[in-house]
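Everything on this sheet refers to the single structure shown next.
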Amino acid sequence: METEEKEGMTMTKRTAALLLLTAALAALITASVTGDGPAAGAQQKSPPSLQKDTSMKPITEYLKDVYAKGMPKVVKSEAEWRAILSPETYAVTREAGTERAFCGAFYDHKKEGIYLCVCCDLPLFASNAKFDSGTGWPSFFQPLRKDHVAEKTDLSYGMRRVEINCARCDSHLGHVFEDGPRPTGLRYCLNSESLTFVPGSIPADF
Ligand SMILES: [Zn+2]
């Protein structure tokens with residue numbers, strides 16, 4: 001027994017250096033992999049709306065929230081919005097910017113679910129009202145609920161358009177045009193930057 005134990009000890013000593021090396025290598029690999037994760041994500045410029053997918057609540061929770069709390073206005077200062085939004089999202093939602101066509105996260109997005117206001121999580125649109133408008137921006141023929149999307153006349157750039165905003169936090173969403181498909185004939189033209197997507201089936205009663 002003693003001999004075996006001694007041999008075992010010797011083996012342990014012999015392999016100790018190797019084990020240490022292996023452990024160090026493993027640690028290095030782990031560190032580099034973990035380090036690469038967020039860096040790679042940043043390089044791809046994943047919009048915050050997509051990054052938020054991991055912490056999503058079920059769709060019904062967002063809808064219940066609205067029923068339970070009603071729609072008290074969400075008001076924040078410019079500094080507060082800047083602190084929670086990416087510069088791109090801030091420019092679109094708080095300064096009425098427009099993202100480039102065919103560049104947003106959702107213009108060709110076909111999954112089932114609902115789209116929330118990126119600023120305040122108010123449910124705005126559902127995948128069953130989304131259509132391919134060919135414009136390069138996510139397009140819907142109707143909002144999830146009419147009272148969630150506010151409208152106002154926009155005379156900028158020498159055009160007369162109808163701007164659409166989140167009814168709860170006034171976030172700029174895009175514009176609505178009267179050249180949409182049936183049944184409404186409307187085309188709600190959105191910026192992907194203004195939206196967060198929550199996957200799941202859409203409750204029939206909302
Ligand atoms: Zn909002």
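The values are calculated or read from the model by the stated rules, or taken from the named source; none is laboratory data. Since we're looking at a predicted model, the values are computed, not measured. Please note: Cβ atoms are built from the backbone with ideal geometry, for glycine as well, and neighbour counts cover all protein chains shown.
Details
- All positions within the range 73-130 that are more than 28 Å from Ser201 (Cβ to Cβ), in a loop (DSSP other than H, G, I, E, B) and among the β-branched types (Val, Ile, Thr): Val75, Thr98
- All conditions but one from (1) more than 16 Å from the ligand (Cβ to nearest atom); (2) aromatic (Phe, Trp, Tyr); (3) surrounded by 18 or more Cβ atoms within 10 Å (Cβ to Cβ) apply to Phe125; the one that does not is (1).
- Hits in the range 156-180 - residues which are on the phi > 0 side of the Ramachandran plot and within 16 Å of the ligand (Cβ to nearest atom): Asp170, Gly174
- Among the residues of the range 73-94, those identified as more than 15 Å from the ligand (Cβ to nearest atom) and either closer than 21 Å to Pro199 by Cα or of a type outside the set (A, V, I, L, M) (or both) are Ser77, Glu78, Arg82, Ser86, Pro87, Glu88.
- Taken together, the criteria place Arg145 among residues that are at negative phi, modelled with pLDDT under 95 and not hydroxyl-bearing (Ser, Thr, Tyr).
- Any hit, the range 146-154, residues being within 24 Å of His109 (Cβ to Cβ), within 13 Å of the ligand (Cβ to nearest atom) and basic (Lys, Arg): no
- Glu151 in a strand (DSSP E or B), touching a helix residue (DSSP H, G or I) at 6+ places or on another chain (Cβ under 9 Å), at pLDDT 95 or above and under 20 Å from Thr98 (Cβ atoms): no
- Scanning the range 104-122 for residues that are within 16 Å of the ligand (Cβ to nearest atom) and in contact with a Gly (Cβ under 8 Å, 6 or more places away or on another chain) gives a single hit, Ile114.
- Selection within the range 171-184 - touching a residue at least 24 places away in the same chain (Cβ under 8 Å) and out of contact with any Ser or Thr (no Cβ under 8 Å at 6 or more places or on another chain): Val176, Pro181, Arg182, Pro183, Thr184
- The sole residue among Leu155, Leu124 that is assigned by TED's automatic domain parsing to the domain that holds Val74 and touching a residue at least 40 places away in the same chain (Cβ under 8 Å) is Leu124.
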